[in-house]
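The values are calculated or read from the model by the stated rules, or taken from the named source; none is laboratory data. None of these values were measured; they are calculated from a predicted model. All Cβ positions, glycine included, derive from the backbone under ideal geometry; neighbour counts span all protein chains shown.
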Amino acid sequence: MRTALAFALLSTLALAQATAAEERPVAEKYLISGDLAGGQKALDAILKAHPEDAQARFGLGALQFVRAVEHLVQGFYQHGLQPDLSGGMIPFARIPVPANPNPKPIAYEDLRQLFEEFLGDLTKAEATLGQVRDDAVKLPIRFGLIRLDFDGDGQVNEDETLWKIYARLNGQAGQNRPDSEQENAFPITFDRGDVAWLRGYCHLLMSVSEIYLAHDAKLLFDHTAHLFFAKPKTPFPFLKNDPQGLNPMRDNRPNVGLIGDLLAFVHLLHFPVKEPARMGAALTHMETMLTLSRESWKAYLAETDDDHEWIPNPKQNSVIPNGKVTGEMLKGWLGFIDEAEAILAGKKLVPFWREADNKAVNLHRVFTEPRELDLILWIQGTAAAPYLEVGPVTQPEFWSRLLRVFRGEFFGFAIWFN
């Protein structure tokens with residue numbers, strides 16, 4: 001009798017465990033296995049049969065976003081991107097791309113193509129996420145187990161994780177990773193607010209890509225691409241990648257070649273406008289990102305649960321250690337959205353750092369009336385001259401208060417909040 005009862009209990013437990021395993025989102029299975037192409041096919045089939053399945057659509061959009069990142073990483077790997085040589089100066093160069101023993105040569109046109117494909121992939125992901133309508137949708141994902149095929153060999157290993165990219169791009173992420181129970185899994189229950197959040201991130205990355213593609217950086221590439229890629233196609237074959245990285249000294253002597261390369265890099269930070277319409281598109285993406293941030297917080301504030309929150313409302317807890325969001329912080333962030341929208345619309349001007357008869361910079365016109373982007377002349381101030389005008393100016397007191405509310409870590413929270 002006892003044996004039969006024990007067997008029945010074990011059978012029930014096994015059935016419950018199997019049912020729980022089956023209830024994991026379909027998207028998670030493929031994100032963990034790294035079979036993103038297979039996942040897209042499976043979710044497309046589910047949505048064809050059940051177009052109302054919000055979790056499947058959310059999962060498809062998330063998978064498409066991860067696949068966009070994977071495609072970019074694989075492109076960098078194929079061409080031998082050397083992330084350590086950037087010194088952290090170039091955001092995309094900070095991606096932890098594995099060393100390629102046999103990289104392909106890369107031309108400037110190839111690099112532009114990588115960003116055009118990245119932009120296209122993000123557009124697809126955002127469009128899918130934009131069709132998620134269910135306010136009750138949830139997508140529980142063991143984030144720490146998501147795998148990407150960095151080198152494009154069709155296999156994934158323990159080092160090829162999405163977390164590795166996130167931690168590299170966000171300097172604080174490695175310190176904030178949970179070290180308690182289920183550390184490796186890092187479970188997150190993404191919800192309706194996170195749909196808008198991820199759409200906002202798509203628009204942020206699309207904006208950055210559009211700004212890059214709007215300008216012609218070929219001159220910079222031809223003279224300094226060897227700092228970042230193993231085999232760049234340039235008119236100067238004698239320029240070679242330095243295996244010691246950005247080290248100004250070599251064998252206790254000045255590394256004259258590298259010092260010259262760095263000077264050339266700074267000297268060539270001016271980019272003619274190649275496709276001006278892309279600057280307008282970048283502005284639209286930024287404006288949409290802010291709209292989606294407001295939408296995400298509307299959804300977060302409507303939540304009454306506390307379920308492994310990625311971004312919590314003031315009454316919830318975050319899966320990120322020290323990720324508490326106070327009411328004052330939320331008020332400050334919503335105020336930032338209002339201020340940023342006014343600046344991007346040209347309703348408020350950005351203070352000019354030189355005396356110019358009370359004139360300030362209209363950032364809206366920087367996007368709608370693009371001119372050659374010369375970073376050195378912007379620092380000097382003369383590049384801002386065409387955009388100077390008199391009008392309402394965003395006040396330093398607003399930004400000081402914002403920094404104070406976020407304990408001096410506003411920019412870190414902004415990357416998280418989007």
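Points worth noting:
- The residue pairs whose first member lies in region 139-154 and is more than 11 Å from residue 308 (Cβ to Cβ) and not assigned by TED's automatic domain parsing to the domain that holds residue 82, whose second member is surrounded by 21 or more Cβ atoms within 10 Å (Cβ to Cβ) and not charged (D, E, K, R), and whose beta carbons are closer than 7 Å, counting only pairs six or more residues apart or on different chains, do not exist in this structure.
- Within region 359-397, the set of residues being exposed (fewer than 14 other Cβ atoms within 10 Å of the Cβ) and under 30 Å from residue 331 (Cα atoms) comprises 390, 391, 392, 395, 396, 397.
One line per residue, one yes/no per condition, for (1) modelled with pLDDT of 95 or more; (2) within 26 Å of residue 205 (Cα to Cα); (3) within 18 Å of the chain's Cα centre (by Cα):
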position	(1), (2), (3)
24	no, no, no
27	yes, yes, no
47	yes, no, no
50	yes, no, no
54	yes, yes, no
68	yes, yes, yes
73	no, yes, yes
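- Restricting 348, 324, 274, 315 to residues that are free of Cβ contacts under 8 Å to residues at least 12 places away in the same chain and either within 27 Å of residue 390 (Cα to Cα) or of a type outside the set (A, V, I, L, M, F, W, C) (or both) narrows the list to 315.
- Of all the criteria given as (1) in contact (Cβ under 8 Å) with a residue 40 or more places away in the chain; (2) of a type in the set (Gly, Ala, Ser); (3) farther than 14 Å from residue 416 by Cα; (4) in contact with a Pro (Cβ under 8 Å, 6 or more places away or on another chain), the one not satisfied by residue 360 is (1).
- Taking the criterion of being in contact (Cβ under 8 Å) with a residue 24 or more places away in the chain and under 16 Å from residue 365 (Cβ atoms), the residues of region 282-310 that qualify are 282, 283, 286, 287.
- For region 129-149, taking the residues that are among the aliphatic types (A, V, I, L, M) and more than 20 Å from residue 67 (Cα to Cα), the one that is surrounded by the fewest Cβ atoms within 10 Å (Cβ to Cβ) is identified as 136.
- Test: residue in region 239-253 that is in a strand (DSSP E or B) and either loosely packed, with under 13 Cβ neighbours inside 10 Å or assigned by TED's automatic domain parsing to the domain that holds residue 206 (or both): yes
- Qualifying residue in region 381-389 (condition: touching an Asp or Glu at 6+ places or on another chain (Cβ under 6 Å) and modelled with pLDDT under 95): no
- Condition check for residue 331: of a type in the set (Lys, Arg) and not in a helix (DSSP H, G or I): no
- Scanning region 263-286 for residues that are in a helix (DSSP H, G or I) and surrounded by fewer than 18 Cβ atoms within 10 Å (Cβ to Cβ) yields a count of 8.
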